[in-house]
Amino acid sequence: MNFDDIKSAWNRESSSNITIPNKVEELKRAELPLDKIKRNMKNELITQIAAIVLLGFFPQIFHFKPILYTPFYAVYILLVITCIYFFGRFYFFYKRISKVSLSTKDALYEVNYDIKLNMELYKLFCYMMFPFTFVQVSLLLINSKYEHFIQLIETTVSSSSFYLYFTIATIGTYAFLHLCAIYWLKSYYMKYAKEIENLLKELKEE
């Protein structure tokens, strides 16, 4: 047996004793919750764009008083500008996770980090929407009871009870919107993000 034969035999023996752990199948488990996040993002983006376009026609649909057009559209323009910024950020996030290949643990860590970062951005987006929603709902209610509202202002604007009721209504509305945002985020995104995080913990323990 020459040297080359000995070297070949040694390589075959060494290779047979090496076990390479295959995590690909386990990593593939993360694709299902990631696909659900992508699907929900796409559906929500389409729904929100349609809702914003429809919102622009509210003054015509609900026959707003002419005096309410200016404050409504001033708030509406600010809302559209804010939405364009956040929708752009969410779109680029969607494109990134659509291209990612979950074939390595590092890729999964990166996706997990990106999801957490964008969930915080989503919370910020919801909080930014609160003032716009509050003002526009208020204008809608004022328009429906315009004469009554004017009388109420004239009789109670100097009264401390008006400011008390206004403060309570504002805090109540914000609390309600906050709870709705948290519930939506948990049911629509966080439960799938938690599945990916749990998978990472399993891989780390092995």
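For the peptides 95-101, 106-112, what is the packing order when you average, over each peptide's residues, the other Cβ atoms within 10 Å and list the highest mean first?
Numbers: 95-101: 11.6, 106-112: 16.0.
Highest-to-lowest ranking by the protection proxy: 106-112, 95-101.
Taking every protein chain into account, the accessible area of region 111-206 amounts to 65 square angstrom per residue (probe 1.4 Å).
Within region 54-98, what whole-number % of the accessible surface is contributed by carbon and sulfur, with the 1.4 Å probe and all protein chains included in the calculation? Could the numbers behind the result be given before it?
Numbers: 2160 of 2810 Å².
The nonpolar share, carbon plus sulfur, comes to 77 percent.
For the peptides 147-153, 187-193, residues were scored by their other Cβ atoms within 10 Å and the scores averaged per peptide; the highest-first order is 187-193, 147-153. Percent of C-alpha pairs per 5 Å bin in region 67-162, short distances first: 2, 10, 14, 14, 13, 10, 9, 8, 6, 5, 4, 3, 2, 0. The calculated P(r) of region 28-70, using every Cα pair and 5 Å bins from 0, goes 6, 18, 15, 13, 11, 9, 9, 7, 6, 4, 2, 1 in percent. At the listed q of 0.12, 0.26 Å⁻¹, the Debye profile of region 35-114, built from one uniform point per Cα, gives log10 I(q)/I(0) equal to -0.51, -1.21.
Seen from a random direction on average, the alpha-carbon convex hull of region 116-206 projects onto 7.8 square nanometres. The stretch between Leu152 and Leu121 holds 7.2 nm of extra length on full extension. This uses 0.36 nm per residue minus the Cα-Cα distance. Over region 62-105, all Cα pairs binned in 10 Å intervals from 0 give whole-percent P(r) values of 22, 27, 20, 16, 10, 5, listed from short to long.
The values are calculated or read from the model by the stated rules, or taken from the named source; none is laboratory data. Keep in mind the model is a prediction, meaning the values are calculated, not measured. Virtual Cβ from ideal backbone geometry, glycine too; neighbours counted across all protein chains shown. Accessible surface is based on the protein model in full, side chains and every heavy atom, while ligands, DNA and RNA are left aside. Shrake-Rupley method; radii C 1.70, N 1.55, O 1.52, S 1.80 Å.
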